[in-house]
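Input: a single structure, listed below in structure tokens.
Coordinate-derived values only; no laboratory data. Just so it is clear, the model here is predicted, and its values are computed rather than measured. When we count neighbours, we look across all protein chains shown, and the Cβ atoms used for this are built from the backbone with ideal geometry, even at glycine.
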Amino acid sequence: VADLRPVAVRTLAGHLERLPGIGARTARALVEHLLTVDPERVRGLAAALAGLREAVRHCERCFSLSEEPLCPVCSDPSRDRSRLLVVEDPTTVWAVEATGEFRGEYHVLLGRLSPLHGVGPEDLTIEALLERVRGGGVEEIILATDPTVEGETTALYIARQLEGDQVAISRPALGIPVGGELAAVDRLTLAQALNLRRRM
Ligand SMILES: [Zn+2]
């Protein structure tokens with residue numbers, strides 16, 4: 001069977017298909033849609049895609065995503081520097097910020113420990129976290145890794161690294177379904193989990 005689709009259509013569909021949550025059918029529908037809308041809108045989308053990776057980088061302090069060397073949280077002098085919320089990825093930072101319940105600062109690990117997938121402590125920002133804590137001023141660490149086996153393992157590993165340090169370590173407790181992702185939890189549940197944290 002000959003594929004009569006123009007190369008440009010096939011190429012774009014191929015790219016879209018590889019994105020999470022988009023199958024061949026959705027990719028086809030998206031390309032068809034883009035072929036019918038105002039070309040200016042398509043150019044806007046293309047420009048946004050092209051500039052994304054250049055515009056966004058990791059915050060030098062907390063490793064969340066930012067357009068500046070320091071993210072908005074790290075450059076806000078009114079944040080409580082004595083409390084650090086440790087999360088797996090930037091999306092969790094955004095989810096927690098949306099609750100408006102946390103006034104401390106963040107530390108993004110950029111993943112979780114996973115021996116099965118070859119992810120060790122050196123692949124995460126754990127060393128930088130320990131340096132931040134040992135730099136002084138941090139009184140409490142909230143280990144808000146996801147409630148999965150790997151998330152728990154990561155939290156335990158970090159807690160063990162901090163055993164000799166004068167810092168309280170806690171973990172969000174109630175309401176978060178095991179196996180879930182913190183960033184996907186609704187605001188109220190997330191806020192509650194942060195408020196009802198338990199000491200480790
Ligand atoms: Zn930051």
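Within region 117-143, the set of residues being small (Gly, Ala, Ser) and either under 15 Å from Ala159 (Cα atoms) or in contact with a Pro (Cβ under 9 Å, 6 or more places away or on another chain) (or both) comprises Ala128 only. Scanning region 99-135 for residues that are farther than 17 Å from Asp146 by Cβ and among the aliphatic types (A, V, I, L, M) yields Ala128, Leu130, Val133.
In summary, strands (runs of 3 or more DSSP E) completely within region 31-143 and bearing 1 or more residues that are within 13 Å of the ligand (Cβ to nearest atom) occur at 80-87, 104-108. Of all residues in region 182-192, those satisfying the criterion of being buried (at least 17 other Cβ atoms within 10 Å of the Cβ) and either in contact (Cβ under 8 Å) with a residue 40 or more places away in the chain or not in a helix (DSSP H, G or I) (or both) are Leu182, Ala183, Val185, Leu190, Ala191. Scanning region 62-94 for residues that are in contact with a Phe, Trp or Tyr (Cβ under 9 Å, 6 or more places away or on another chain) and touching a residue at least 60 places away in the same chain (Cβ under 8 Å) gives Phe63, Leu85, Val86, Val87, Thr92.
Within region 43-69, being touching a Leu at 6+ places or on another chain (Cβ under 7 Å), under 22 Å from Ala183 (Cβ atoms) and not basic (Lys, Arg) holds for Val56, His58, Cys59, Phe63.
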